[in-house]
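A.B. asks: The structure's right below; bear with me while I get my questions together.
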Amino acid sequence: ICQSEFYKIKDAVIDMKGSFVVLNKKLIWDNNEDYYADTDHPMSNAMGPYDEKTIICIPCYGYGDLMGDDIDDAMDMLKDGDIEQELQNVLDEIKKEDNDGDDEKESVMKISAGVGFAVADVITAIRNFLKASDERLLVTNMNEDNTWKKFENNKNYEFGVAEFVDKWATTRGEEKAKANIAKRKLLFDAVMPYFKKHFVGHRNSAAVVVAEMIRHTGNDKSFLDHLVRELLPRISDGEPRVRRQGLVGLGNLSDVWSDELIPTAPAILSSLTSAVEDKIEIVCISAIKSLIKILKVIDINTVTPSLINICFRTRPFLDSENAEVRQEAFKLFGKLCKFGKDNYNFVEQVHKNMTCFICHINDVNEDVSKEVYNTLLIVFKYLEDDLVIENVLTPQDNFEDSCEE
C-alpha cells in the first residue's frame, strides 16, 4: 500500500480498486488545489472538477518496498499501457455503480416532508433491514405500491402493516409451501408476547399481523385455529384500534373459508353483528365491511335466523352523518337481499326502508349515491320488478349483484 500522507487523513480513502486508489478530493486538496501529500506520485489524471469522488492513478504497490522484479513489472505495465486500460476499467465500474445507485434511489419511495424524525428513522431502519436480509423482491413491491407512505401517519398505519405482511407472505415461493407456513408460524410466535403488553401500539401492531396472517394459512387448519383463538379476545379490547383489527381478522376468514369453518359461522356472524353498534366509527365501519365479506361465504340457513336482527341494527346507519358509514350500510343491505327469498319479514324491511333509499339516491356524497343506486338495483331484482330495472335503473361501474352470488 502506498506510504502517503493522505492515509493519515480520516475518510480520505474512499475505495481501492485493483492498482488504484479512489480518494476524497475535498480532503486531500487544499482550496488552492495543492496536493497535501509530500510524495511525488503521478497525478496526471487527477485534474478535473473539485468534486468528492476522484480516482487517482496511484499504483498500490508501496514505492518504498518495491525491489527487483517488482519494479520491473511495474515499469512494464507503464510501458505497455496496462495502467491506462486498468484505469479505464475502474472508471467504467465506478460509473456503473453510480448509475445503479441512482436507479435504486429512484425506485425507493422518499419519506414525505413533515414526517417526524422517529417515524422516518423507523421506516428507514425497516427498509435497510429488509435489504440486509436479501428481501429485494419485497422491497421492490413495497416501493412500487407506495407501502412505505402508509407507515407515515396513524390513519393509514394499520393498512401499511397489513400490506407489508401480505407482501412478505406472498413473495415466498409456492413450491416451498410447507416451509413458508413454518416461517409464518414463526412470525406468529414472535408477535404473541406483544398481546400481553400494556402499550397500545404493541397490541395493535400484533393484532394487525395476526389479522392479516389469517389470509395466508394455506390448508393448515390448526394454524388458522390458533390465529382465530388469539384474535377473538381483541374484539372486546378497550382500545378501538385493536377492536377494529379483531373484526378485520374475522372478515379475512372469507378468503380461506372452507367446510371445516361452517360450525363456527353462527358465532362469527353474531360477533360481527354485535360490533356493528360500536360507538366508535372506525370500529363500526370495520364491522360492517367484515360482515359484508362473511356474507359472501356463509349459507342461507346460517344467516336467516339473524337476518331481521341485522336489518334492525344497521338501519340507523343509513342516515349516519359519516359518508363512509352510510355507504357501507347501504352496501350491506344489498348483500342481505339474497338471504331474504320467500321471507315476508325481510320484504317488510325493504318497504320500510324504501323512502330512505329514494332520498339517498341523491346523497350529497357521490360514492354514497352510487352505492344506493346499486342497492336499489339489487332490491328490485329481489322484488322481481323487471319493469323498474329496465326503464329506470342501470348498473354503476362498481355494481356487484349479490342476488347472483
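The values are calculated or read from the model by the stated rules, or taken from the named source; none is laboratory data. From a predicted model like this one, the values you see are computed outputs, not experimental measurements. Cβ placement follows ideal geometry from the backbone for every residue including glycine, while neighbour counts extend to all protein chains displayed. Calculation scope for accessible area: heavy atoms of the full protein, side chains included, ligands and nucleic acids excluded. Shrake-Rupley method; radii C 1.70, N 1.55, O 1.52, S 1.80 Å.
A.B. asks: Modelled label-to-label distance, residue 125 and residue 304, 7 Å Cα→beta-carbon offset: nm?
C.D. replies: Taking the simple label geometry, residue 125 and residue 304 are separated by 5.6 nm.
A.B. asks: Provide the solvent-accessible area of residue 14, counting protein heavy atoms only and rolling a 1.4 Å probe, rounded to the nearest 10 Å².
C.D. replies: 70 Å²
A.B. asks: Distance check, please: which entries in 131/335; 293/381; 155/352; 110/221; 183/331 exceed 32 angstrom between their Cα atoms?
C.D. replies: Listed pairs above 32 Å: 131/335; 155/352; 110/221; 183/331.
A.B. asks: A further question on this structure: Which FRET efficiency value, to the nearest 0.05, do you get for residue 267 and residue 190 by plugging their Cβ-Cβ distance into 1/(1 + (r/R0)^6) with R0 = 30 Å?
C.D. replies: With a Förster radius of 30 Å, E is 0.60.
A.B. asks: Quick one: if you stick a label point 7 Å off each Cα along the C-beta vector at residue 137 and residue 183, how many nm between them?
C.D. replies: Between residue 137 and residue 183, the simple spin-label model gives 0.9 nm.
A.B. asks: Evaluate 2.2 N^0.38 Å with N set to the residue count of segment 274-352, then give the Cα radius of gyration divided by it.
C.D. replies: Normalised Cα radius of gyration, segment 274-352: 1.04.
A.B. asks: With an 8 Å cut-off on Cα pairs and a minimum separation of 6 or more residues, tell me the relative contact order of segment 305-361 in percent.
C.D. replies: Rounded, it is 36 percent for segment 305-361.
A.B. asks: Please list, in chain and number order, the residues 5+ apart from residue 14 or on another chain whose amide H is under 5 Å from its amide H, with Hs placed from the backbone.
C.D. replies: Amide H to amide H, under 5 Å and 5 or more residues apart or across chains, residue 14 pairs with 22, 23, 24.
A.B. asks: To the nearest 0.05, how large is the calculated FRET efficiency for residue 219 and residue 344 if R₀ is 51 Å and r is the Cβ-Cβ distance?
C.D. replies: Approximately 0.75, to the nearest 0.05.
A.B. asks: Another question, if that's okay. For segment 274-364, what is the accessible area per residue in Å², given a 1.4 Å probe and the full set of protein chains?
C.D. replies: Ligands and nucleic acids excluded, the result is 47 Å² per residue.
A.B. asks: Length gain on complete extension for the stretch residue 258 to residue 110, per 0.36 nm per residue less the alpha carbon to alpha carbon distance?
C.D. replies: 49.1 nm
A.B. asks: With an 8 Å cut-off on Cα pairs and a minimum separation of 6 or more residues, tell me the relative contact order of segment 155-280 in percent.
C.D. replies: RCO, segment 155-280: 21 percent.
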